[in-house]
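S.K.: Attaching a single structure in structure tokens format; questions to follow.
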Amino acid sequence: MDAHEKAQRQRQARHRLHAQKARAGRLRNRVIAISLVCFALLWGTVFVQMATGNDPVLGSSSTTRTASTAKARPAEVAVEPEARAETDTAEAELEAELETESELEDESEAEVAAELEAEFAQAEGEAAEAEAAELQAAEAEELESVTSGQS
Amino acid sequence: MSVEERRSFACFGGRVTVQVGGAGAGAAAKAAEVQLLDAHRRLSRFLPESDLSRLNEDPRGAVKVSPVLLELAAAVRRAGLLSGGLVDATLLDEIERAGYVGSRADGEPRVDAPPRPGGQSPRPAAPNPARGWSLVSVDRRAGTIRRPPGLKIDSGGIAKGLLADLLAKELRAYPSYSVDCCGDIRVGGAGGQPRTVHIDDPGGGAPLHSFAVRSGGVATSGIGKRSWVGSDGSPAHHLLDPATGAPAFTGIVQASAQAPTAFLAEVYSKAALLCGPEQASGRLPYGGVLVLDDGSIQVVEAQAPRSRTALAR
């Protein structure tokens, strides 16, 4: 290898080394940029969710309900007339069931109220008895009166 | 009624009743009787050998005395201060001049109607300018009483309430107690149970009023008892107008006072009677009952704590 060839190879090696360093720098910058973007996106999502009042910890049920309603609506729109009749029947049955349930609830409420009333009456009677006993005891323990007159 | 040990005996020219409840009440009531009878022997001005009689005759300015007489002397000064001089326990010569020279215990003739000199209009009593009560001082460390020789102390006006209070200190650990020294009453007890204290009708009828007292004193002063007909034929009694030295006729025949202690109640009731109907209610900061000479009855409600403080000043 002559001197000219040697110098050319050295130049090429320096060039490759420089290119390698530049590539490593670009890669590093890209990784940093992607990390920053991901971080910002993640926290942006959390921020938006919290700002709109949809805290997943506090409002998971309402969020779920909203989602399911949103899903149900397009289905309702797509229902055929026959299918609608079936749905109406089902709804009527459901209403009847609900009414029955509500009647049952009313009955059970009345029963509970009656039970409570009975318990209360019993407690009241016991309290009155206790009061009377206490009064009797107090009367029994009453201190003998004294009279202040001219000395 | 609860079971209380009860002892009733003649003392201080009247009837004393001690009631004590709880374990050991019998011994406590007996000890109380012994203590009160001993105090009577020491403080009666009608017994020549009593500590009080000896003090009154002693020519020295400072005299060493028994603890109970020391308490009485201290109370003389307090009574004068609290009543603005109306309750003056140094008017022994005056009361003897008025005719009260011997004990007028129960069983002696009682004037049925409260005495009042004919034609004389009621007049409030006033303090004696000599302020004999303020000349009495006590040195507790030395156990001596100082007063100008010749100044005599009368135990009649304040000793009963004072002794009821002294006894109350001994009995305070018992669940209940009452000490009735001829109508000057102290009640209390660790149980905190209220006791009904009736106010006697000077006419002998049903009680005029009742207080429910958990702890404190009630005393009644009047001109119906310990009254007599003087040598000039005019009615007289033991409550003197300090300014004149003569029995006071203020328009009130009986005053009862409620107070934290029997001694205070005794001072308040006497001061109320002596100052007359117009000012009497102001002399009853813890409430009381007044009987006027026209037979009317006034129940005085307790004043607010702030007013009581002002009165004390």
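S.K.: In this structure, is B:SER66 more than 14 Å from chain A (Cβ to nearest Cβ), polar (S, T, N, Q), buried (at least 16 other Cβ atoms within 10 Å of the Cβ) and over 30 Å from A:SER145 (Cα atoms)?
M.R.: Yes; evaluated as a whole, the condition is true for this residue.
S.K.: Hey, another quick one. Can you run down the residue pairs with Cβ atoms below 6 Å, 6 or more apart or on separate chains, where the first is in the range B:1-29 and on the phi > 0 side of the Ramachandran plot and within 11 Å of chain A (Cβ to nearest Cβ) and the partner is of a type outside the set (D, E, K, R) and in a loop (DSSP other than H, G, I, E, B)?
M.R.: Pairs found: B:PHE12/B:CYS182; B:GLY13/B:SER103; B:GLY13/B:ALA105.
S.K.: Just for the range B:204-226: of the residues that are at the interface with another protein chain (Cβ under 7 Å from one of its Cβ atoms) and under 23 Å from B:LEU36 (Cβ atoms), which one is modelled with the lowest pLDDT?
M.R.: So in the range B:204-226, the residues at the interface with another protein chain (Cβ under 7 Å from one of its Cβ atoms) come out as B:207, B:218-222, B:224-225.
Within this subset, residues satisfying the condition of being under 23 Å from B:LEU36 (Cβ atoms) are B:218-222, B:225.
Details: B:VAL218: 97, B:ALA219: 96, B:THR220: 95, B:SER221: 93, B:GLY222: 88, B:LYS225: 74.
My answer is B:LYS225.
S.K.: Further, regarding this structure: What number goes with the only condition from (1) buried (at least 21 other Cβ atoms within 10 Å of the Cβ); (2) of a type outside the set (Phe, Trp, Tyr); (3) more than 9 Å from chain A (Cβ to nearest Cβ); (4) touching a strand residue (DSSP E or B) at 6+ places or on another chain (Cβ under 8 Å) that B:ALA271 does not pass?
M.R.: Evaluating B:ALA271 over (1) buried (at least 21 other Cβ atoms within 10 Å of the Cβ); (2) of a type outside the set (Phe, Trp, Tyr); (3) more than 9 Å from chain A (Cβ to nearest Cβ); (4) touching a strand residue (DSSP E or B) at 6+ places or on another chain (Cβ under 8 Å) leaves (4) as the failure.
S.K.: Something else: Would you mind telling me which numbered condition in (1) more than 26 Å from B:LEU163 (Cβ to Cβ); (2) in contact (Cβ under 8 Å) with a residue 24 or more places away in the chain B:LEU284 fails?
M.R.: (1)
S.K.: Can you find, within the range B:187-203, the residue that is farthest from the other protein chains (Cβ to nearest Cβ) among those that are of a type in the set (Gly, Ala, Ser) and part of a loop (DSSP other than H, G, I, E, B)? Walk me through it before giving the result.
M.R.: Filtering the range B:187-203 down to residues of a type in the set (Gly, Ala, Ser) leaves B:188-192, B:203.
From what's left, part of a loop (DSSP other than H, G, I, E, B): B:189-192, B:203.
Details: B:GLY189: 8, B:ALA190: 13, B:GLY191: 9, B:GLY192: 11, B:GLY203: 11 Å.
Checked the range B:187-203; the qualifying residue farthest from the other protein chains (Cβ to nearest Cβ) is B:ALA190.
S.K.: Here's a follow-up. Just to check your reading of the model, which residue among B:LEU151, B:LEU162 is away from chain A (no Cβ under 13 Å), within 23 Å of B:ARG78 (Cα to Cα) and hydrophobic (A, V, I, L, M, F, W, C)?
M.R.: Sole residue among the options that is away from chain A (no Cβ under 13 Å), within 23 Å of B:ARG78 (Cα to Cα) and hydrophobic (A, V, I, L, M, F, W, C): B:LEU151.
S.K.: Return yes or no: is B:LEU86 more than 14 Å from chain A (Cβ to nearest Cβ), assigned to a loop (DSSP other than H, G, I, E, B) and either at pLDDT 95 or above or buried (at least 23 other Cβ atoms within 10 Å of the Cβ) (or both)?
M.R.: Numbers: more than 14 Å from chain A (Cβ to nearest Cβ): yes; assigned to a loop (DSSP other than H, G, I, E, B): yes; either at pLDDT 95 or above or buried (at least 23 other Cβ atoms within 10 Å of the Cβ) (or both): yes.
Criteria met by B:LEU86.
S.K.: Does at least one position in the range B:227-248 carry a residue that is closer than 23 Å to B:GLY287 by Cβ and of a type in the set (D, E, K, R)?
M.R.: Scanning the range B:227-248, I find no residue that is closer than 23 Å to B:GLY287 by Cβ and of a type in the set (D, E, K, R), so the answer is no.
S.K.: What are the residues in the range B:204-215 that are assigned to a loop (DSSP other than H, G, I, E, B), of a type outside the set (S, T, N, Q) and either surrounded by fewer than 15 Cβ atoms within 10 Å (Cβ to Cβ) or in contact with a Gly (Cβ under 7 Å, 6 or more places away or on another chain) (or both), if any?
M.R.: B:GLY204, B:GLY205, B:ALA206, B:ARG214
S.K.: Answer with yes or no whether B:THR196 is among the β-branched types (Val, Ile, Thr), modelled with pLDDT of 90 or more and within 18 Å of B:GLU5 (Cα to Cα).
M.R.: On the way: among the β-branched types (Val, Ile, Thr): yes; modelled with pLDDT of 90 or more: yes; within 18 Å of B:GLU5 (Cα to Cα): yes.
Yes: the conditions hold for B:THR196.
S.K.: Filter the range B:168-186 down to residues that are more than 7 Å from chain A (Cβ to nearest Cβ) and surrounded by 24 or more Cβ atoms within 10 Å (Cβ to Cβ), then give me how many there are.
M.R.: 5
S.K.: If you check A:LEU98, A:LEU41, A:LEU143, which single one turns out to be part of a loop (DSSP other than H, G, I, E, B), at pLDDT 65 or above and surrounded by 10 or more Cβ atoms within 10 Å (Cβ to Cβ)?
M.R.: A:LEU143
S.K.: Can you say whether B:GLU71 is under 30 Å from B:GLN279 (Cα atoms), at pLDDT 95 or above and more than 14 Å from chain A (Cβ to nearest Cβ), as far as the supplied structure shows?
M.R.: Values: under 30 Å from B:GLN279 (Cα atoms): yes; at pLDDT 95 or above: yes; more than 14 Å from chain A (Cβ to nearest Cβ): yes.
Yes; evaluated as a whole, the condition is true for this residue.
The values are calculated or read from the model by the stated rules, or taken from the named source; none is laboratory data. Source: prediction; values computed, not measured. Note that we place each Cβ from the backbone using ideal geometry, even for glycine, and neighbour counts take in every protein chain shown.
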